[in-house]
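Quick one: the structure is below, and I'll ask about it shortly.
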Amino acid sequence: MKTLSTLHGAVLASLLSSTALAAELTVPSGGSIQDVVNQAAPGDTILVEPGIYHQSVYVDKPRITLRGLRDGDNWALLDGEMKLNDGIIASGHSIVIDGFRVTGYKGNGIMTQGANNFEISNNYVEGAFYGIFPQFGRNGLVIGNTVTGAEDAGIYVGMSDNVDVIDNVAFGNVMGIEFENTRNALMAGNHVYDNAAGITLTLVPGLPVKDAYSQVIRDNRIIGNNHVNFAPASSIAAGVPSGTGILVVGPDNITIENNEIADNDNVGVFVADLITFGMDSDPKLDPYSDGVRVMGNTWRGNGENMNGMLAEMLAATGKTGIEVLAMGKGRDSCVLPGDGIDTLGTRRWQDCLGDNSVAGFATARLEGGAEEPEYTLEQKGRLTYLAVCTGCHAYDSVLHGPSMQSIQAIYDGDPSGMVGYITDPVRKREGFPEMPPQTYLGEETLDAIASYILEDLGK
Amino acid sequence: MRAWLLFLILAAPAMAEEITLSDTCPPSFQMLVDGTCELVTLYQFYDSPPQHGGLRARLDPPARRYTPQQIDLGRYLFFDPILSDGGDLSCASCHDPAQGFSDGKKRGIGAVELDRSTPTLWNVGFAQSLMWDGRTETLEAQALLPLLNPDEMAATVEGVETALNAAPGYVALFQIAFGAAPNIANTVIALAAFQSSLISLNSRYDRYAHGDATALNPQEIRGMNAFRGFVARCSQCHIPPLFTDFELAVVGAPADERGFADPGAGALSDDPARLGAFKTPTLRNITRTAPYFHAGQFDTLKGVVDFYNNTAGHAAPKGQDLRIHWHVHMTNGPKLSTATVADIIAFLAALEDENLMPERPAVLPSEPRP
């Protein structure tokens, strides 16, 4: 593997185009990360030297590893100086974002949008709207990060599937870690303290993903989440009561096991439905939190200093020191009788059974990762022809470009000639628009299209 | 020989009026063994659960499929004023292909001026929620609304059926497409079939999404980054690739210039959260369909982006107690710079793609034959 520097952009570009091997590219201290991302090919690793980067970075290609190098306290520091919008946004599958310190962004620190198989690891993010926010991802890992100062959630997993959030630290955020409209997820080994609320598991209305289920919350330390809620008044987060260890609003099939839950002033675990929070405006959602199992946790000093909305709501009951508070009509929830905890509103709850335990649940990720649908070459050729080429070429008449019959005649027996043209089209005909180059479809697909047109189309 | 050629040429115009229905699927559709047409797009090569966003989100073809004949018959019907009571208004009168399937007006004009603007029909086959307030779910059900609305085409079921059965060309064409005489049910199916063929998924933006980094220029890329970023948050509701999530959202639109404040979905529900809620519209071919918003409140895209770049609720109608969506300028307005506003507008222009524009019929089946 070679280590290249941005200073030699031309050399680098030529090396990249001539090799299919994964390369290691280095961004020298303070250089442009985006420039190197633009030059990188799928599979490449980009090493960012320690230094200060007043930049935003966008990654729209698959299989890129973006790694901040660290020398003691000297990080690869992305600093938006409260002028830039977001730190890193990545849409490419199999993105790795590792080892950055991120501060001073008006929007999010690190975000993925629609990236499958993502990994966000060992970053330190402070003071963004959402610190780390994977959205629309299938299969991902958030591990070893520290997040603080987020006006919403420090780590926010939104509308995603098969995600593990492991061994992170979240403090001083409105919410430490949140799963929103997320299915099949694990939160384990995290230390979540001094947020307004520690962990929130939610089903938010008005989003395109309409359910949230199968989440395991185990072996976390959820301590002293009594920070004042500093979310902007217009946000949903503003309604989250400070002093809450874990808040569950809407999702189903949730296991909360073997956590240390301590010193959260209002309540340890608060299970409610969307109606309680006035969030039931979406008729396509089931507003109830069903199948919440709370078992085998360690409790200390929760609900001992009640205040705010929850104190008012519960004043009439005269109860404090509540470990598990339930409101609304969820079904099939349980606590383990042996745990001997103080509960309120759990009359409809049952006793958990030993075999409800998920102590050994190691990962919610997919074995082998999320895969792209597989297509044969024949399908790739035919389907891409239909999806792209037919917009301009009809079989037997002129559309925006010449007819495919006439093209078949020109390139009869010469598929590579056709690939040459569509990779780098030149002006040939008067009065026709220019044909856009189709290189982005990739060599394999271009070959498949050419053989489809010459061998199968119209036959 | 020469005489025979001459005969052919002379006969040609008359023969062209013999209307037949296409037996091939429209471009970008493949024919399945059941004889229906299925859309093919590059977004089918990706893997993600339904309703996901991001650049390479999977987009499945619409589940409702139609035959080539139904689609082509729908094309004739869409352009044919025979469907209106006065015989003067077709779907295309308001949804004009040359104007992005809209009309360039603040609000649609039928028998009278309507209260809402005419939305584009590009990609409407994907919609799970139709109309500005989301009050219908299928194109078939939707088509009855303008047809039977006294302020629009003002027809009756009986009137439509009588007119189509009496028209010179339609009975035979409905026989080909449906094996039945024209009736209201197969009429709306044909209209839905045609509208489902209006596909726009090959813009320069799409080429970028599929991997062509050169398809957008630097300003457009900056605009895209602002659009999907978490200060402006546009893509949280205008989710790619369709640039809508089909959800209702309260953005705090101003009353129109007549002073009318449309309650939107609030008129259909007691839920206070619905007051002033409108369905997020697609932004595909948005440069074609000014003026913007549900009553044409904004003449330009600059006007729209400036609206979003202001504090939440600044333009909301007086007296309406709106629950403005949390993604709308969460922290005192996004304060995007003038340059960023221009970048976003440039990006929106990269969503243009009208390659699959259908052909306007030269002759209609309702017109008398020579």
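Rolling a 1.4 angstrom probe over the protein heavy atoms, how many square angstrom per residue are accessible across segment B:105-190? Intermediate values should be presented prior to the final figure.
Numbers: 3470 Å² over 86 residues.
On a per-residue basis, segment B:105-190 sits at 40 Å².
Which net charge results for the neighbourhood of B:Q297, defined as the other residues with beta-carbon distances under 14 angstrom from its beta-carbon, given Lys and Arg at +1 and Asp and Glu at -1?
On the way: positive: B:K105, B:K106, B:R107, B:R116, B:R258, B:K302; negative: B:D115, B:D256, B:E257, B:D262, B:D299, B:D306.
After counting each charged neighbour, the total is 0.
Same structure, new question: Taking a threshold of 26 Å on the Cα-Cα distance, which of the pairs A:K83/B:K302; A:K284/B:K279; A:K284/A:K329; A:K106/B:K279; A:K210/B:K279; A:K61/A:K428 fall above it?
Values: A:K83/B:K302 22 Å; A:K284/B:K279 15 Å; A:K284/A:K329 17 Å; A:K106/B:K279 28 Å; A:K210/B:K279 17 Å; A:K61/A:K428 33 Å.
Flagged as over cut-off: A:K106/B:K279; A:K61/A:K428.
Need one value: the accessible area of B:T20 in square angstrom, 1.4 angstrom probe, rounded to the nearest 10.
90
Can you give the % of DSSP beta bridges in the protein assembly as shown that are antiparallel, to the nearest 5?
Numbers: 11 of 126 bridges.
Taking every DSSP beta bridge with both residues in the protein assembly as shown, the antiparallel ones total about 10 percent.
In deg cm²/dmol and to the nearest 500, what is the mean residue ellipticity at 222 nm of chain A if only DSSP H runs of at least 4 residues count, each as -39500 (n - 2.57), divided by the residue total?
Values: 7 runs with 60 residues, N = 459.
Helix contribution divided over all residues of chain A: -3500 deg cm²/dmol.
Kindly tabulate the residues in segment A:135-151 with an accessible-area decrease of at least 40 Å² between the chain alone and the assembly of all protein chains, using a probe of 1.4 Å.
Correct list: A:F136, A:R138.
Report the label-to-label distance for B:N183 and B:T214 in nanometres (one decimal), using points 7 Å from each Cα along the Cα→Cβ vector.
Placing both labels 7 Å beyond Cα along the Cβ direction yields 5.7 nm.
Here's something else I'd like to know. Within segment A:316-348, report the trypsin sites (Lys or Arg not before Pro) that DSSP leaves as loop and that have at most 10 other Cβ atoms within 10 Å.
Values: sites: A:K319, A:K329, A:R331, A:R347, A:R348; in loops: A:K319, A:K329, A:R331, A:R347, A:R348.
Answer in residue order: A:R347.
Another question, if that's okay. Can you tell me the dipole magnitude for segment A:129-374 around its Cα centre, using point charges on the Cβ only (Lys, Arg +1; Asp, Glu -1), in Debye to the nearest 20?
Working: 14 positive and 32 negative charges, 84 e Å.
I would put it at about 400 debye.
For the pair A:R331 and A:A311, what calculated FRET efficiency results from E = 1/(1 + (r/R0)^6), where r is the Cβ-Cβ distance and R0 = 30 Å, to the nearest 0.05? Please list the in-between numbers first.
Details: r = 28 Å, r/R0 = 0.93.
Using R0 = 30 Å, I get an efficiency of 0.60.
How much accessible area is lost when chains B and A come together, counting both sides, with a 1.4 Å probe, in Å² rounded to the nearest 100? Walk me through the numbers on the way to the answer.
Working: alone 17390 and 19870 Å², together 32800 Å².
Buried area between the two chains comes out at roughly 4500 Å².
So, with +1 on the Cβ of K and R and -1 on the Cβ of D and E, and no other charges, what is the size of the charge dipole of the protein assembly as shown about its Cα centre, to the nearest 20 debye? Don't skip to the end; give the middle numbers.
Numbers: 55 positive and 98 negative charges, 189 e Å.
With Lys and Arg at +1 and Asp and Glu at -1, about 900 debye.
For B:T138 and A:T298, what does the FRET efficiency come to when R0 = 45 Å and r is the distance between their Cβ atoms, rounded to the nearest 0.05?
On the way: r = 54 Å, r/R0 = 1.19.
After rounding, the FRET efficiency stands at 0.25.
Might you list the cysteines of chain B that have no disulfide-compatible partner by the rule of another cysteine's Cβ under 4.7 Å?
B:C91, B:C94, B:C234, B:C237
Considering the zone a paramagnetic label at B:K302 would reach in this model (a point 7 Å from Cα along the Cα-to-Cβ line), which residues of segment B:336-370 have amide N under 19 Å from it?
B:336-350
Can I ask one more? So, counting K/R as plus one and D/E as minus one, what does the shell of residues with Cβ under 11 Å around A:G369 add up to? Write out the running numbers ahead of the final one.
On the way: positive: A:R138, A:R365; negative: A:E119, A:E367, A:E371, A:E372, B:D47.
Local net charge: -3.
Just to confirm my understanding: which cysteines in chain A have no other cysteine beta carbon less than 4.7 Å from their beta carbon?
A:C389, A:C392
Within the accessible area of chain A, what % is carbon and sulfur when the probe is 1.4 Å and the other protein chains stay in place? Spell out each step's value before the answer.
Values: 8870 of 17710 Å².
Roughly 50 percent of what the probe reaches on chain A is carbon or sulfur.
What figure, in Å² to the nearest 10, do you get for the accessible area of B:R233 with a 1.4 Å probe and non-protein molecules left out?
10
With springs connecting C-alpha atoms under 10 Å apart, model chain B as a Gaussian network and identify which of B:E247, B:E113, B:E158 has the largest mean-square fluctuation.
Judging by the Gaussian network model, the answer is B:E158.
Please build a GNM for chain B, connecting alpha carbons under 10 Å apart, and tell me which residue among B:V250, B:V33, B:V171 fluctuates the most.
In the Gaussian network model the winner is B:V33.
Apply 1/(1 + (r/R0)^6) to the Cβ-Cβ distance of A:I275 and A:V426, taking R0 = 41 Å, and write down the FRET efficiency to the nearest 0.05.
On the way: r = 64 Å, r/R0 = 1.57.
The value I calculate is 0.05.
With a 1.4 Å probe and every protein chain kept in, tell me what percent of the accessible surface of chain B is carbon plus sulfur.
Values: 8500 of 15100 Å².
Answer for chain B is 56 percent, counting heavy atoms of protein chains only.
Could you work out the relative contact order of chain A, using alpha carbon pairs under 8 angstrom and six or more residues apart, expressed as a whole percent?
On the way: 1285 pairs, mean separation 32.4, N = 459.
Averaging sequence separation for qualifying contacts and normalising by length gives 7 percent for chain A.
Which value, in Å², gives the accessible area per residue of chain A when a 1.4 Å probe is used on the protein heavy atoms? Working shown, then result.
Values: 17710 Å² over 459 residues.
Here the per-residue accessible area is 39 Å².
Run through segment B:292-370 and list the GluC sites (Glu not before Pro) located in a DSSP loop whose Cβ has at most 11 other Cβ atoms within 10 Å. Write down the numbers at each step before the final one.
Details: sites: B:E352, B:E354, B:E359; in loops: B:E352, B:E354, B:E359.
The qualifying sites are B:E359.
What are the residues of segment A:45-60 that lose 50 Å² or more of accessible area, with a 1.4 Å probe, going from their chain alone to all protein chains?
Output list: A:Y58, A:D60.
With every protein chain present, what accessible area does B:M131 have (1.4 Å probe, heavy atoms only), rounded to the nearest 10 Å²?
40
Where in segment A:111-130 does accessible area fall by at least 20 Å² between the isolated chain and the complete protein assembly, at a 1.4 Å probe radius?
A:Q113, A:G114, A:N116, A:F129, A:Y130
The values are calculated or read from the model by the stated rules, or taken from the named source; none is laboratory data. Keep in mind that this is a model prediction, so the values were computed, not measured. Glycine gets a Cβ as well: all are built from the backbone with ideal geometry, and neighbour counts include every protein chain shown. Accessible surface areas use protein heavy atoms only, side chains included; no ligands, DNA or RNA. Shrake-Rupley method; radii C 1.70, N 1.55, O 1.52, S 1.80 Å.
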